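Participant: Next up is a structure, given as structure tokens.
The values are calculated or read from the model by the stated rules, or taken from the named source; none is laboratory data. Just so it is clear, the model here is predicted, and its values are computed rather than measured. Cβ placement follows ideal geometry from the backbone for every residue including glycine, while neighbour counts extend to all protein chains displayed.
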Amino acid sequence: MTKITFLLILCIGISLNAQVGINNADPKTELDVEGAISLREGNVLTLSNGNTNNNINLGATPYSFYRITGPTASFTISSIAPAIATADGQIVTFENTTDQPMVIRHNGGGTTENRILCPGAQNYTLYGQYATITFQYNNTQNRWVIVNRVDARYGDNIRSVIGTSNIGINTNTFTDMTNMSITFTPKHSTVYLNFSAAGHSDIGSGIQQYVDFRLVNVTAGNAVLAGTSSLCTDFDFDDILGSISITSWNAHFTMFPVSVTPGVSTTLKIQWSRDGNFPASVYNWVTALPDSAHRSLTILD
């Protein structure tokens with residue numbers, strides 16, 4: 001072996017084990033880039049509704065970013081190809097350009113080594129148009145894993161109203177409760193409704209009285225979704241104290257799930273009425289009696 005050959009082999013060995021700098025003469029890590037990094041976009045992925053998206057083909061030359069089009073309803077991503085030994089550490093991001101929920105299926109569907117491991121070992125759902133999810137292939141587990149997600153999380157679209165006027169009713173016909181209506185455009189297929197109110201009633205003929213409430217989906221043809229009732233006048237007689245009347249009431253819907261259509265304007269409202277034997281007027285005097293009355297409606301989306 002000549003000296004020149006030996007020096008060439010030595011230089012190659014040093015080069016293969018050295019830190020690499022791009023626009024950087026003094027790299028501090030295995031790859032140290034001075035400047036921006038561009039991750040190119042691959043072909044658009046046209047997917048289908050439902051659970052048919054298995055072994056999604058990233059193309060002959062895999063890229064780092066892919067836009068999803070096609071679905072007109074909720075769709076599931078089960079597996080991504082190619083997922084081979086040489087892809088260990090590969091990172092890819094999907095962007096959902098539709099307004100349909102995108103479900104990432106946990107460890108099921110398609111070729112085994114192309115499947116995806118989801119946090120909590122459960123299917124993972126992303127909501128909202130332009131939601132993104134990033135996967136990285138792990139050769140030890142022979143699966144893709146989720147390393148990041150950005151979507152319309154619950155709590156990003158909260159709507160709330162508070163009653164600010166004194167109101168009352170004296171009818172057993174359900175009537176819209178003033179201010180207790182919200183029109184919004186949901187981002188999820190299920191939203192959660194919270195309603196709370198308190199007030200008092202007149203003392204009627206000494207007979208029990210109730211105040212009833214119901215939740216109505218105006219957009220779904222005024223469909224009644226749920227109801228609740230509160231005792232508001234209870235008359236009792238005590239041998240020592242004599243007659244006793246209780247005239248306060250309170251009512252709640254707590255985290256009540258409501259099915260809606262994402263992207264479609266929806267109106268939900270609360271109605272109320274009074275009922276019972278010889279009932280009298282019921283009131284929600286939030287201004288006159290703020291220490292004992294309130295009403296509010298909140299939707300968590």
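Participant: Those residues that are part of a strand (DSSP E or B) and of a type in the set (Phe, Trp, Tyr), I need them from the range 124-169; list them, please.
Facilitator: TYR124, PHE135, TYR137, TRP144 - these are the residues of the range 124-169 that are part of a strand (DSSP E or B) and of a type in the set (Phe, Trp, Tyr).
Participant: Would it be correct to say that ASN53 is among the polar types (S, T, N, Q), in contact with an Asp or Glu (Cβ under 9 Å, 6 or more places away or on another chain) and in the same structural domain as GLN136 (by TED's automatic domain parsing)?
Facilitator: For ASN53, the condition - among the polar types (S, T, N, Q), in contact with an Asp or Glu (Cβ under 9 Å, 6 or more places away or on another chain) and in the same structural domain as GLN136 (by TED's automatic domain parsing) - is not met.
Participant: Let me ask something additional. Can you name the residue in the range 170-226 that is in contact with an Asp or Glu (Cβ under 7 Å, 6 or more places away or on another chain), of a type outside the set (D, E, K, R) and part of a loop (DSSP other than H, G, I, E, B) and, of all such residues, is nearest to LEU268 (Cα to Cα)?
Facilitator: Within the range 170-226, the match that is nearest to LEU268 (Cα to Cα) is PRO186.
Participant: Could you run through the range 129-142 and say how many residues are in contact with a Leu (Cβ under 9 Å, 6 or more places away or on another chain) and buried (at least 20 other Cβ atoms within 10 Å of the Cβ)?
Facilitator: 1
Participant: Considering only the range 155-185, state which residues are loosely packed, with under 15 Cβ neighbours inside 10 Å and among the hydroxyl-bearing types (Ser, Thr, Tyr).
Facilitator: Within the range 155-185, SER160, THR164, SER165, THR171, THR173, THR175, THR183, THR185 qualify.
Participant: So, one more: Could you list, in sequence order, the residues of the range 33-64 that are of a type in the set (A, V, I, L, M, F, W, C) and within 24 Å of the chain's Cα centre (by Cα)?
Facilitator: LEU47
Participant: On to the next question. Hey, could you check the range 61-79 for residues that are modelled with pLDDT under 95 and surrounded by 15 or more Cβ atoms within 10 Å (Cβ to Cβ) and say which is nearest to GLY128 (Cα to Cα)?
Facilitator: SER74
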